[in-house]
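Computed from the coordinates by the stated procedures, all read-outs in this text should not be read as laboratory data. Because the structure is a prediction, the values reported are computed rather than measured. FYI the Cβ positions are ideal-geometry reconstructions off the backbone, even for glycines, and counts take in every protein chain you see.
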Amino acid sequence: MLRPEPLYRIQLVLLASEAQDAALALARFGAFNPAPGGAETLAQTPAAAYREVWLEAEARLAKLLAQCGDTGALELPPDAEAPSLADLEELNAWLKDVWTACLDCHDATQRLDETHARLAALEDTLARLERLDVDLGRLLRPDSLLAVRLGSLPADNVRRLNEALALSGHVLSRFDQSGDQVYAVIAGPRARHDDVRGLLAQAGWRELELPDELRTHPRAARGWLESERQRVEMQSGAQCEVLDGLRGRFGPRLHEARQRLALAHPLSEAARAGVRGQGGLAALTGWIPKRRLAALRATLDARFHGRYWLDLREPGPREVADVPSLVRYPAWLAPFVPLVKSYGVPRYGEFDPALPFAFAWLLLFGAMFGDVGHGAVIALVAAGLAPRLGRIAWVGVAAGAASMVFGLLYGSVFGYETLIEPLWLSPLHDPIRMLMLAVGFGVGFIVCTLLVNVWNKAAAGHAGEALFDSGGLAGLAFYLGAVGVVASLAGAADLVPQAAWLAGGGLVVVAVFKWTETRATPGERALVTAIETLETGIGLFSNTLSFMRVAAFSLNHVALALAVFTLAGGLGAAGHWIAIVLGNVVIMALEGAIVAIQAMRLMYYEGFSRFFNGDGTEFVPLRIVSGEG
Amino acid sequence: MTPASTDAYLDTRVSLFAGRLWPDAALDALIDADDAAVAGGLAHKGLSMLAPQAEQAGASLEQRIVAQILDETRVLIRPLAGEARDFLSFWTARFEMSNVKALLRSKMNGERAAAALARLVPMGAFGRLDGEALAHAEDAGELLRRLEAGPYAGIVRHARRAFEQSRDPFVLDAALDQGYYEGLVARAQPLEARFGAPLRGLMAALVDRINLVWLLRYRFNYGLPPAQVYYLLIGARYDLPGARLRELAQLGALPAVLAALPAPWRARLTGARDIPDVFARMERAGAEQALRVLRGHAPPLARAFAYLILRERDLRALRAVLRGHRLGLGAADIRLALQRAPVRLH
């Protein structure tokens, strides 16, 4: 719980023809994180084609499901096998056929919609031409010297097309507009008719297909239009039946395709990291927890009966940065984990701060917002929101409980300081003591973070930094010495000479270390050393004082309550209680949020930044279905 | 950031970046240099990732060059907001348009999604398209429909309609290019009003050069009729407005077009033999213009745009040199392929 689990790097070598089953078995095993490897000796990538086909098939299936609807819950039999590459290709080809059929249906529907729109436009056009009393048959005569076209184009293109047509001796005349489509007549010399063909295509010109029935006087064409409209209506109904038929016909097989693609997902996912191979062999490389080794062997034996080779080793010192971190948390700690992970993931071998974070954050929140009443409301509201917020709501419940505990210690209930006797003390009655305690807590907190940093650096093999750096033992010696000097000057101890030697010695060691670590010209080294050493002292001093806010907020809580009571005291009976209730709501919402953020800030900036790199990689086990919990 | 601090940031950044530009002599020396010297020269200009030794599996030279340009653009636009940020961001969208064209070609050729994806230029934070999903479209029609539902709908809508009428890949490419540059002009217009002549000068040099080269190419290489040529050009009002372009499109030969250009252009293009020569001369004129803006007291945004134009010119030249080296071409062949005329400030 305090550090990531020890892992083995494994390489599972087996027949390439069984790679998909091996990946499936590892996904069912549930604790295998694929990783690249084996490139030196195994030059081929036997699963690359598998992944490519899987991706294509998955994309087609997703589109089909979006088109034809979901096929129900996915249940995979425990003994189901993963499809081979040939099976997957066959499935992919089938999905392509179905999707192409769907696309055709889709296109046909779109064409019908367009035909509807065209007929409507044609009817409008006819209505206009009827008024003009023009015979379309004569206007569009193929043997005329004047070539005339009727059609539509996007309104944005009209001006430019008109300018361009002028270069070919053509003119454009718009006679109608529907949405962004302009309906127009283009006329020009028939001899230059071909000159504008490409231009019109470029401009998105769509010819109005005028059947022979329409190439007559408009009044005679109206009857034809009516019959055409009825024919399209009938076609439209038939088209819907085709789409419905698609769903009914392919639904069960699509569900089966979903199952097979889910079973194929593990090898596809493992191939993303890189499954290597040579000849007829394939190797899956990755990480497993040490404690699960026996279980893994049992899984593989049960499935492959010895037809595999399992190579394993501890992570090497140079690859620690690439090793994923797997940390197991008890259920009660899990709600706090996202708050830690929002800062970062611990590196393999690093200290995991989730447990101390949970305790310290609750302690700080409670200390800054100690009130039995407010804490109870926060806990109840958070518990009430648990179904909606999930387990993160329990952070609110715990924060409320911490607030209640400190409320008992401070003797505060909804800001009233007289309802119960404090078990310890009321912050407002001894603010100096509160400030001293807060700073004392800060000193302890920073000492702990420095010790954790020493441990982390030593675990990562950086002994120099662990011993001599500002965040190492030398920095710790300086800090403790400086605290001793300040405490002695304040009269709390009598250790000035010893503490001063300790602080001075620590600082000199830090300075020498900075000097040796800096690669630059002597002048630059001196500057860097001086500034960084100075920064060590100033940083630790200011970080310690930062904890005074714990006391300040505990005082602030009481002060805010006093302000509410003063305000309420000046109002009548009804106004008094309204002011009390509203004031408490404001205190809980506003101050509660500020205190939660301040506690988080102290943890992140004064704590995590000192020892926690947060640049580790999370252990992501291979799963059968992507995103499965 | 306040406008003053934004300007200060951008000015400082551009001045620092300007030190990375390649003088013509340095680029010329690179042509004759061996691998170690090339790597040293590239490292000196902050381009070690382009060195032959840094060849990474899966990242082509083109992809690494674009990554460098995107990275520098990202740094430059950091303090910008609104129209200025939109303009410089859209300048990088050319690479995404190339990705769109690559995807469309792969669909027309019936390639697999993985092959198309490998060719795409990673756009990083500037990426607005889901390449993975687009690569898995079944055909060009589906791809265009998906694109039409995305951020480049305005550009793609006309291209799709034109393509559906003709099924001609040229029509599609030309419509996408035209749509992109008209989008750039539209984004530049409000900024030209704010930042005045320097930015307008850069845009004019860019758009007029593209229009002239396209006009010559479409008219005399592809033999398109004048009306279609005019229609395919970028609609803008710089030194070559629509009326002038219509006149030029109707002329029947390269010398006639060059003779009908405005006087300053005629002087610049006198003796141009062919279209690549016209392109090289116009490109040099554009680079000179950009260099003047970069070194002068222009508004920071104009200087940043000038830097990006010059940087891309440099990186294109570097690509030619590095490719030439890789193919084992002689120095003379590389210089010929480079077509980079030295830039001189008058």
Practice prompt. Give the cross-link partners of A:Lys457 among the aspartates and glutamates, using a straight C-alpha distance below 16 Å as the criterion and excluding same-chain residues fewer than 8 apart.
Written response: A:Glu319, A:Glu350, A:Asp352, A:Glu465, A:Asp469, A:Glu517, A:Asp615
Worksheet, complete the sentence: Rounded to the nearest 10 degrees, the helix A:522-545 long axis (Cα) sits at an angle to the longest Cα principal axis of chain A of 80 degrees
Fill in: Positive-pole candidate from A:Leu423, A:Thr529, A:Val381, dipole of chain A, charges at beta carbon
A:Thr529
Worksheet item: What is the order of A:Glu114, B:Glu62, fewest Cβ neighbours within 10 Å to most?
Response: A:Glu114, B:Glu62
Discussion item. I'd like the distance between the alpha-carbon centres of region B:253-317 and region A:543-569, rounded to an integer number of Å.
Written reply: 67 Å
Response to the item:
Given unit charges at Cβ for Lys, Arg (+) and Asp, Glu (-), the dipole magnitude of the protein assembly as shown about its Cα centre in debye, nearest 20, is 1980 debye
Practice prompt. Kindly state, as a whole number, the per residue volume in cubic angstrom of the convex hull around the alpha carbon atoms of chain B.
Written response: 146 Å³
Worksheet entry | Mean Cα-pair separation over length for region B:199-298, i.e. relative contact order, pairs under 8 Å, 6 or more apart, % | 32 percent
Worksheet item: Can you give me the Cα centroid spacing of region A:104-173 and region A:442-496 in angstrom?
Response: 85 Å
Worksheet, complete the sentence: Listed by chain and number, the residues whose amide H is under 5 Å from that of A:Val182, excluding neighbours fewer than 5 places away on the same chain and using placed H, are A:Leu153, A:Ala155
Worksheet item: Between A:Val581, A:Pro335, A:Leu263, whose Cα lies farthest towards the positive end of the dipole of chain A when Lys and Arg beta carbons carry +1 and Asp and Glu beta carbons carry -1, centred on the Cα centre?
Response: A:Pro335
Worksheet entry | Given charges at beta-carbon only (K, R positive; D, E negative), |dipole| of region A:100-170 in Debye | 300 debye
Discussion item. Can you tally the net charge around A:Leu555? Count Lys and Arg as +1, Asp and Glu as -1, for every other residue whose Cβ sits under 15 Å from the Cβ of A:Leu555.
Written reply: -2
Practice prompt. Return the lysines within reach of A:Lys63: Cα separation strictly under 18 angstrom, same-chain partners fewer than 8 residues apart disregarded; answer none if there are no such residues.
Written response: A:Lys96, B:Lys107
Worksheet, complete the sentence: For region A:470-625, averaging the sequence separation of alpha carbon pairs under 8 Å that lie six or more residues apart and dividing by its residue count, the contact order in percent is 16 percent
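By how many nm would the segment from A:Met234 to A:Trp577 grow when fully extended, if each residue of separation counts as 0.36 nm and the alpha-carbon distance is taken off?
Gain in length upon complete extension: 116.3 nm.
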Worksheet item: Over the protein assembly as shown, one equal point on each Cα, no solvent: what is log10 I(q)/I(0) by the Debye formula at q = 0.08 Å⁻¹?
Response: -1.14
Worksheet item: Percentage of Cα-Cα pair distances in region B:199-298 greater than 19 Å, rounded to whole percent?
Response: 39 percent
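From the helices alone, meaning DSSP H stretches of at least four residues, give me the mean residue ellipticity at 222 nm for chain A, per-run term -39500 (n - 2.57), in deg cm²/dmol to the nearest 500.
Helix contribution divided over all residues of chain A: -20000 deg cm²/dmol.
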Worksheet item: For A:Ala334, what charge total do you get from the other residues with a beta carbon under 12 Å from its beta carbon, if Lys and Arg give +1 and Asp and Glu give -1?
Response: +3
Fill in: Mean separation of Cα contacts under 8 Å, 6 or more apart, over the residue count of chain B: relative contact order %
19 percent
Worksheet item: Taking the Cα centre of chain B as origin and charging only Cβ (+1 Lys, Arg; -1 Asp, Glu), how large is the dipole, in debye to the nearest 20?
Response: 620 debye
